[in-house]
1. Does segment 94-116 contain any residue that is part of a strand (DSSP E or B), assigned by TED's automatic domain parsing to the domain that holds residue 16 and either closer than 26 Å to residue 16 by Cα or at pLDDT below 95 (or both)?
2. Does segment 147-158 contain any residue that is crowded, with 17+ Cβ neighbours inside 10 Å and at pLDDT below 60?
3. For segment 57-74, which positions are surrounded by fewer than 16 Cβ atoms within 10 Å (Cβ to Cβ) and over 16 Å from the mean Cα position of the chain (by Cα)?
4. Condition check: surrounded by fewer than 18 Cβ atoms within 10 Å (Cβ to Cβ) and not in a strand (DSSP E or B). Does residue 77 satisfy that?
């Protein structure tokens, strides 16, 4: 038996109707704490979303809207904790199991990075829009968060470049050796 996600907001597809359904969701403090632990963040201070679920073609339902979050992250440069705001669009297609044939799913799969993802199969006649928002937040997080105002220090040369990697030459260990050779 699998446990429910930390931020679960289940919508029965029968309640969506032909005109669609609009949902505004907000995570509670205990949900924020559990999501922060799942995403290995110091804290998630706020998470909310506005989503529209509308029937789409061939047994599909489209969930789209936006979410916003306020999260604490650890800077990879200084290890300081800093707060950042994230706001992104959400757009996901769900498909009823009876329409999720191999041919139908293959039609959606393309190896183009800009192509839409294959639709998610609806399980038990329910779409969990809370989990959709949690997944969207996880994908939006910077894997290498940098506190605003910090500068990159090239430890090979000891120079602060103020940029992500400087001119490339100072990052080379051979450039650091050349600098040492010139100083002798």
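The values are calculated or read from the model by the stated rules, or taken from the named source; none is laboratory data. Keep in mind the model is a prediction, meaning the values are calculated, not measured. Counting neighbours? That spans all protein chains shown, and the Cβs are built from the backbone with ideal geometry, glycine included.
1. yes
2. yes
3. Selection gives 57, 58, 74.
4. In short, yes.
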